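Notes follow once the structure below has been shown.
The values are calculated or read from the model by the stated rules, or taken from the named source; none is laboratory data. Source: prediction; values computed, not measured. Using ideal geometry, Cβ is built from the backbone for each residue, glycine included, and neighbour counts are taken over all protein chains shown. Accessible surface is based on the protein model in full, side chains and every heavy atom, while ligands, DNA and RNA are left aside. Shrake-Rupley method; radii C 1.70, N 1.55, O 1.52, S 1.80 Å.
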Amino acid sequence: MKGVLLNNLGSPDSTDLKDVKTYLDEFLMDERVIDIAYWKRYILIKGIILNFRPKKSAKAYKKIWWDEGSPLVVISERFTEKVTKKMDIPVELAMRYGSMSMEKGIKNLVDKGVTEIFLAPLYPHYAMSSYETVVVKAEEILAEKYPNVKLDTLPPFYNKPEYIKAMSDNIAHHLKGFDYDHILFSYHGIPERHIKKSDPTNNHCKIDGSCCERNSVAHHTCYRHQCFETTKEIAKTLQLKEGTWSNSFQSRLLKDPWLKPYTDFELEKFPGMGKKKLAVVTPAFVSDCLETLEEIAMEGKEDFIEAGGTDYKHIPCMNDNDDWVDVMVSWIDDWKKQDSVSS
């Protein structure tokens, strides 16, 4: 029997300091998020970061928290419910971090008689700290507890035409009536070293402004290249004029070099360049969350206006809109057909 496991990042159970600290502990101790030696990571996270970061994060979560709970979780649940109604096989939702664990999601499927799982990480782009850690975690759980269960995984969908169309339609819908002079595509940032670690050739990814343009097998696991490709395809679909859009990366951690340009720097710079009516899109996320609702919609707007901007609009993620639901259903249906053909 076949089943589907939709997977998103996760969230604290509440905005209480204790719950936020528990969540951040699990998230930041992941070796694919903070990729340094275990003893160094232990000292850094448990000895330093967890002494101050939870308080700051809890304050941020309180600004965006809904009556129903975490926006990311609520939106993901709504999306899952819509997908489930269109499927004739079990569909479960799990989070990489937090109490809605992948182990619980997989167990729920197995308890329903599922022996073949289609894992759908809700990340358009490949990164070791998002897509890769989900796949590895699922493989570890199955190897340890359910070795006879087969696993297939949805590849990164950053350039799939149906995803690009759904994203473009969503952006166009929310831009109606907004007179912008620039669109910023803000992607979640990752350390530059992650790009090089994910390079199977060990020499292609130089982050030098040209490697993302030269064809290479490295692009299959290059987050930077995939982000730029998403923007190009959306810009082409929406027929955006050259010079009216650009890319940036948000949410830096620590002092290591992260992908540039940095979103906060760009927001402060634009007004001085005459770009005072700004729309911001966050294509690395399919569901609105702390990084989009607080960092971009609230803090980003404040920074932009303070720098001299006049009009600012955050474009919501696709969330549970019907077009996005239909895209996911089509991918699941494709998997079912391929599986039946191969068998």
Original post:
In whole angstrom, and with the biggest value first, how far do the Cα coordinates of segment 219-343 range along each principal axis?
Top reply: 60, 34, 30
Original post:
Percent antiparallel among DSSP beta bridges with both residues in the chain, to the nearest 5?
Top reply: 5
Original post:
Counting GluC sites (Glu not before Pro) as exposed when in a DSSP loop with at most 10 other beta carbons within 10 Å, what is the longest stretch of the chain free of them?
Top reply: 1-212
Subject >> Amide H within-cut-off set for His188, under 5 Å, with H built and near neighbours excluded >> reply: Gln250, Ala284
Original post:
Mean residue ellipticity at 222 nm from the helices of the chain, using -39,500 (n - 2.57) per DSSP H segment of n ≥ 4 over the full residue count, to the nearest 500 deg cm²/dmol?
Top reply: -13000 deg cm²/dmol
Original post:
Taking a label point 7 Å from the Cα of Thr84 along the Cα→Cβ vector, which residues of segment 117-134 have an amide N closer than 19 Å to it?
Top reply: 117-122
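For segment 42-77, which chymotrypsin sites (Phe, Trp or Tyr not before Pro) pass both filters: DSSP loop (anything but H, G, I, E, B) and at most 10 other C-beta atoms within 10 Å?
Phe52
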Subject >> ³J(HN,Hα) computed for each position of segment 89-106 - Karplus, 6.51 cos²θ - 1.76 cosθ + 1.60, integer Hz, glycine/proline x >> reply: 10, x, 10, 10, 10, 9, 10, 5, 10, x, 6, 7, 5, 5, 4, 5, x, 5
Original post:
Can you tell which of Gly300, Phe285, Pro271 lies farthest toward the positive end of the dipole of segment 266-306, using +1 and -1 charges on the Cβ of basic and acidic side chains (Lys, Arg; Asp, Glu)?
Top reply: Pro271
**OP:** Evaluate the charge dipole of segment 1-97 about its Cα centre and quote only its size in Debye, nearest 20, assuming +1 on the Cβ of each Lys and Arg and -1 on the Cβ of each Asp and Glu.
**Re:** 420
Original post:
Per residue, how many Å² of accessible area does the chain show with a 1.4 Å probe?
Top reply: 46
**OP:** Could I have the simple spin-label model distance between Lys145 and Ile36, label points 7 Å from Cα toward Cβ, reported in nm to one decimal?
**Re:** 3.2
Subject >> With 20 Å bins from 0: P(r) over the chain, alpha-carbon pairs, percent >> reply: 29, 61, 10, 0
**OP:** Work out how much length Val135 to Asp13 would gain on full extension: take 0.36 nm times their residue separation and subtract the Cα-Cα distance, in nm to one decimal.
**Re:** 41.6 nm
**OP:** Give me the net charge of Tyr262's neighbourhood, meaning all other residues with Cβ under 15 Å from the Cβ of Tyr262; Lys, Arg count +1, Asp, Glu -1.
**Re:** -4
Subject >> Shape of segment 1-117, Cα gyration tensor, a/c cut at 1.5 >> reply: oblate
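For the full complex of protein chains and a 1.4 angstrom probe, list Val136, Val83 by accessible area with the highest value first.
The ranking, largest first, comes out as Val136, Val83.
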**OP:** Rounded to the nearest Å, what's the spacing between the alpha carbon centres of segment 24-42 and segment 221-293? Just the number, please.
**Re:** 26
Original post:
Counting other Cβ atoms within 10 Å of each Cβ, which chymotrypsin sites (Phe, Trp or Tyr not before Pro) in segment 145-190 have at most 14 and sit in a DSSP loop?
Top reply: Phe178
Subject >> Loop-located trypsin sites (Lys or Arg not before Pro) in segment 181-220 whose Cβ has at most 14 other Cβ within 10 Å (DSSP) >> reply: Lys206, Arg214
**OP:** Starting from the Cα-Cα distance between Phe52 and Ile207, subtract it from 0.36 nm times their residue separation and give me the gain in nm to one decimal.
**Re:** 52.6 nm
Subject >> Relative packing of peptides 10-17, 170-177 - highest average C-beta neighbours within 10 Å first >> reply: 10-17, 170-177
Original post:
Within the accessible area of the chain, what % is carbon and sulfur when the probe is 1.4 Å and the other protein chains stay in place?
Top reply: 51
Original post:
Taking R0 as 56 Å, what's the FRET efficiency between Asp111 and Thr310 from their Cβ-Cβ distance, rounded to 0.05?
Top reply: 0.50
Original post:
Rounded to the nearest 0.05, what FRET efficiency is calculated for His174 and Asp326 with R0 set to 25 Å and r the Cβ-Cβ distance?
Top reply: 0.85
Subject >> ³J(HN,Hα), Karplus 6.51/-1.76/1.60, whole Hz, each residue of segment 47-59, x for Gly, Pro >> reply: x, 10, 4, 6, 8, 9, 5, x, 5, 5, 5, 4, 4
